Structures are given as C-alpha cells and as structure tokens.
Ligand SMILES: [Zn+2]
C-alpha cells in the first residue's frame, strides 16, 4: 500500500536535510503536504492514485484555490469512540484525524482569503465520532491555523483533546449536529453580503437563480441570540433539519454539509447568491421565474439525494414567496389582477377562484330556498 505523507512529515524531512525529490513514486499526500511540494517546487513522478477520490487525476497537482470534490466525509464506527485518555490521545493524533485537521486549516485559509472572516471570526467543525467533534480554537485567525491548533470536543461542548481552548461558538455547530446526523461538518463565517441580509433580518427570495435552489435549498433565518449560548444553539439547531444554510440574525452565516468541503461550498453559494440579489437590485429590478420552474429544480435537488420540505408544506403558488426580502419597487413579470405569473398573483387568483365558487354556491342555495317557498 502506498504511503500517505502529511505536511508535518515533509517539514520534518526538510529540517533533517532530506530531499523531497526522492519520495516514492506512488506516494500520496494530504492537501497541506501538497502545498509544501508546490512551495518547494517538487513534482511527484506519479499522480495520486484513484483511491484519493475527488482529487484531479490529470497528473498535475491542484492549485491551492482549485475546488476539490467533497470526499472527506469521516465514517466512524458506531459505538467505537475512544474512551480512555490514552485512546483519545492516540485517536486525536492518528493519521486520519491529522489529515482532517489539515483540511480544516485549508478551509480556514479559504474562508479568510475570500474575505468571509475578519480578525478571529468564524469557526469550523468536523464530526469524527458518536460523541466527538474536531473544532477550531478561539482567538485565532482562520487563515493561519496549523493542525496543532485544532481541538476536539464532545457533543456537549466539553473539550477532550487539543492544547488550545475551543471556540465558544462550537455550541451552535453542536446544536445542528445533535439534531441532524447527516451534518458531518459545519462552517460558520461572516461573509459581507449574506451577513448584511442577516443584519436586515431577511433571507433572499426564491425563484431567482437555479443553482442555490438545487444546492442550498431554502435559506433559513435564526432570530438573534448571544453567540455561543444554549439559546443560540437551539435557535439554529431547530432550523437545521430544513435548512443547510442558516442566516444568524445580526451575526453571520452557518452552513452544514456531509463533509467540510461541502459545508464550505454552501457558504460560497450563500454569499454569492446574496451578492447577486444586491447587485441585480441596483440594476433596476429583481425578476422571479414562476413557481412551476422551481418545482423542476426541487425535483433535481431530490434526485441528488437532498431532501426539501417546501413541496410538502407549501402550495405551488407560495413557492416563490419564501424569503422576507421585499421585492418592492422592482418590476415583477406581471402585476396582480390579471392572472399573471408572479407567485403572489397566482395565489390571489387561486383564492379568488375559491371565493367565486363559494359565492356561486351561496347564491344557488338562496335561489333554491326562494323557489321552494314560491312553489
Ligand atoms: Zn460568529
């Protein structure tokens, strides 16, 4: 079996004066180890093997910004959490966990480079056991973490490993993970556009852009609570079964995914969506497509294995009304009263049809009574 090299192993080789050019041809590398190879201008003689699912197989190493397909879901053995202090330590420094810590640092770098976090803002978690979660520490820039900074907590938020104190905001992540077993990772950040929506207390409207409907679903909005408190954890956690991306009012955004890359992508999707709404509004209007088109997108989402509560809970005419964002003073496809295409018009039309039918039935009933009396 080919050997997997981590960043710390390569750094150690360099500090011992060993050449990285002599690494085995079939060696595999963690993402941060590949960063070191790039830095040292060393090209492995063979591309990573197919067991590194999701990695480019072109023979070229991925650039730092090149997206990597989500493939870092950590599948632990149910009931197999390490128990004793020594077992926990061994687990915490195992090769697999070290690799995940490097992934967290890599994602931290990306949220920092995207400008999604400032100062010590943002935090990242990966669930690695029935009752174990890796998390970023408090008071650190997410752009400059190393695997040694990462800590581990249980699902109550008690720190069980790591030398730096864990972030207090881990409680919000745990509020999601306790309620949604599919949430294997959470990323929290303060990207400007999505946070601006959160500060305004509105979510972006639906029926605008296909991709967020398919890959994000409906964005949730959690009412403001003090960060890190049980109340904040509950408010966000209660929304998580229906929403993978949640705006935290007057605060920021938290997204969950099947792995850390997936959760990060949802953060990118969310902020890009919000930015597009803001820019399109400045161009003179936000125009929605019709609810039947949204149904097509929700069907695609379901085929991709992502559940969506909207079709079970909303009438078709209500599908495009999601989001408290006001599309006032922006021209819509049609105005109301003409049976047009905007969702609220469609609902009004449906309600009007119902009222007409009720009135007709009432008139008929009265007529029947009068005719009966006359005869
Ligand atoms: Zn925050």
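The values are calculated or read from the model by the stated rules, or taken from the named source; none is laboratory data. What you see is a predicted model, and the numbers here were worked out from it, not measured in a lab. Positions of Cβ are generated from backbone atoms using ideal geometry, with glycine treated the same way; all protein chains shown enter the neighbour counts.
Per-residue answers, yes or no, for (1) in contact (Cβ under 8 Å) with a residue 12 or more places away in the chain; (2) on the phi < 0 side of the Ramachandran plot; (3) part of a strand (DSSP E or B); (4) crowded, with 22+ Cβ neighbours inside 10 Å:
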position: 126; (1), (2), (3), (4): yes, yes, yes, yes
position: 157; (1), (2), (3), (4): yes, no, no, no
position: 163; (1), (2), (3), (4): yes, yes, no, no
position: 175; (1), (2), (3), (4): yes, yes, no, yes
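Checked against (1) away from the ligand (no atom under 15 Å from the Cβ); (2) at positive phi; (3) in the same structural domain as residue 245 (by TED's automatic domain parsing), residue 79 passes all but a single condition, namely (3).
If residue 302 passes every condition in (1) modelled with pLDDT of 70 or more; (2) part of a loop (DSSP other than H, G, I, E, B); (3) surrounded by fewer than 18 Cβ atoms within 10 Å (Cβ to Cβ) but one, which one does it miss? Of everything listed in (1) modelled with pLDDT of 70 or more; (2) part of a loop (DSSP other than H, G, I, E, B); (3) surrounded by fewer than 18 Cβ atoms within 10 Å (Cβ to Cβ), residue 302 misses just condition (2). If the condition is being touching a residue at least 24 places away in the same chain (Cβ under 8 Å) and closer than 17 Å to residue 74 by Cα, then region 177-200 contributes 177, 178, 180, 182, 183, 184, 185, 186, 187. From the list 225, 231, exactly one residue is assigned by TED's automatic domain parsing to the domain that holds residue 102 and within 14 Å of the ligand (Cβ to nearest atom). Which is it? Testing whether each residue is assigned by TED's automatic domain parsing to the domain that holds residue 102 and within 14 Å of the ligand (Cβ to nearest atom) leaves just 225. Across region 114-132, a minimum of one residue is classified as more than 14 Å from the ligand (Cβ to nearest atom), modelled with pLDDT of 95 or more, closer than 16 Å to residue 191 by Cβ and under 17 Å from the mean Cα position of the chain (by Cα).
Within region 275-288, not a single residue is at negative phi and within 16 Å of the ligand (Cβ to nearest atom).
Considering the conditions (1) within 16 Å of the ligand (Cβ to nearest atom); (2) within 17 Å of residue 237 (Cα to Cα); (3) in contact with a strand residue (DSSP E or B) (Cβ under 9 Å, 6 or more places away or on another chain); (4) modelled with pLDDT of 95 or more, residue 171 is excluded by exactly one of them, (3).
What about residue 202, is it buried (at least 20 other Cβ atoms within 10 Å of the Cβ) and more than 16 Å from the ligand (Cβ to nearest atom)? Working first, answer last.
Working: buried (at least 20 other Cβ atoms within 10 Å of the Cβ): no; more than 16 Å from the ligand (Cβ to nearest atom): yes.
Answer is no for this residue.
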